[in-house]
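First up is the structure itself, then whatever we jot down about it.
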Amino acid sequence: MAATARRRETWAAFGFLSPWLIGFLVFMGGPMVASLVLSLTDYDVLTSTRFVGADNYRELLADPKVRTSLANTLVYTLLHVPVTMAVSLALAMLLVRAGRRSAGFFRTVFYLPTVTPKVAVGVLFLLLFNGQVGLVNEVLGFVGVSGPDWTSDGPWIKPGLVLMGAWSLGSTVIIYLAALQDVPRDLYEAAEMDGASPWARFRAVTVPMISGALFFTLIINTISGLQTFDEVYTAFYGSSNQQSYGNDAALFYVVYLFQQAFQFLHMGYASALAWLLFLIIVAITLVQVRLSRRFVYYESE
């Protein structure tokens, strides 16, 4: 009877898990295996598939556009992640100090841009950061600063995109707010009684107690930065002015992957590019997980 009950429970568990398992196999696992197979072929959708082995991988290692797009993506991610985390933490700490009603209002205000379509954000980038008539340079002009041409001056394209990315940091703010509200108040009181300054309390109490949330957002924001596509493609490659905007400073890795797949129909080569990005993300994530053992504090430890 006990064995029968266990079997029933096992089948019931698989029944409840089946929607996720089917979804994963159809929309994730299956396409990943298919792309791995395609990465070993010369496939352009219109003609028959031709097996080429590792030629696509040898080609991407020698492709200068791959190096350029990967460098642009890494630089953007290195700028985007710390800015997003720092600004989100500052806003979350302000919300903790705010009253309950105002905190609820601003929580909603900060989160709403997260649901804004990425295409709209890309168009908004062109409007706000236009070098001649953009609102950002107009505001800088009021304080006597001559703003750069954010959309065509190569060194300023990625900083401009990072600033625009701050538009949708609401989800990170909410994560930090939840973590901050879970920090025991008595720890702050004990530190204050010991004469700790506000900075010392932040460094010795706040950061260790929310280190799990910091680590989580570090990983998801890093992955998000490495996969940036929508805003960049809309702003620099999706308009009729592509030639004036689309310089190599805005050539991000996923944009180049998209071009190879759907503009040039090099599906096999694009699949190889996708797998290279997957391996890079896995490697960076493993390094972050390894380093987290030194910096992340868990109450159970």
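At-a-glance table
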quantity	calculated
Residues satisfying the stated conditions in the range 103-117, i.e. over 10 Å from Trp167 (Cα atoms) and assigned to a helix (DSSP H, G or I)	Ala103, Gly104, Phe105, Phe106, Arg107, Thr108, Val109, Val115
Selection status of Tyr76, at pLDDT 90 or above, among the aromatic types (Phe, Trp, Tyr) and closer than 16 Å to Ala261 by Cα	no
Residue check for Val207: more than 20 Å from the chain's Cα centre (by Cα) and aliphatic (A, V, I, L, M)	yes
Condition broken by Ala196, with the remaining ones in (1) more than 16 Å from Tyr111 (Cβ to Cβ); (2) at pLDDT 85 or above; (3) among the aliphatic types (A, V, I, L, M) satisfied	(2)
Residue that is farther than 30 Å from Trp275 by Cα and under 19 Å from the mean Cα position of the chain (by Cα), where the choices are Leu79, Leu128, Leu94, Leu89	Leu89
Odd one out for Val45 among (1) closer than 21 Å to Val255 by Cα; (2) part of a helix (DSSP H, G or I)	(2)
Residue list for the range 1-52, restricted to those being over 32 Å from the mean Cα position of the chain (by Cα), over 16 Å from Met267 (Cβ atoms) and β-branched (Val, Ile, Thr)	Thr4, Thr10
Where a residue in the range 122-145 is modelled with pLDDT under 80 and its partner, wherever it lies, is of a type in the set (Ser, Thr, Tyr), with Cβ under 6 Å and at least six apart	Gly122/Thr234
Tally, over the range 182-227, of residues that are exposed (fewer than 15 other Cβ atoms within 10 Å of the Cβ) and hydroxyl-bearing (Ser, Thr, Tyr)	1
Counted residues, the range 146-162 - those being part of a helix (DSSP H, G or I), touching a residue at least 12 places away in the same chain (Cβ under 8 Å) and within 26 Å of Thr114 (Cα to Cα)	6
Residue ID - surrounded by the most Cβ atoms within 10 Å (Cβ to Cβ), chosen from residues in the range 161-181 that are of a type in the set (S, T, N, Q) and within 24 Å of the chain's Cα centre (by Cα)	Thr172
Any hit, the range 129-144, residues being over 18 Å from Leu95 (Cα atoms), acidic (Asp, Glu) and part of a helix (DSSP H, G or I)	yes
Test: Val96 is surrounded by fewer than 12 Cβ atoms within 10 Å (Cβ to Cβ) and of a type in the set (Val, Ile, Thr)	no
Positions within the range 196-242 being of a type in the set (Ser, Thr, Tyr) and either assigned to a helix (DSSP H, G or I) or touching a strand residue (DSSP E or B) at 6+ places or on another chain (Cβ under 7 Å) (or both), in sequence order	Thr206, Ser211, Thr217, Thr222, Ser224, Tyr233, Thr234, Tyr237
Hits in the range 87-109 (condition: over 18 Å from Val183 (Cβ atoms) and at pLDDT 80 or above)	Val87
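The values are calculated or read from the model by the stated rules, or taken from the named source; none is laboratory data. Source: prediction; values computed, not measured. Glycine also receives a Cβ, built like all others from the backbone with ideal geometry; neighbour counts cover every protein chain displayed.
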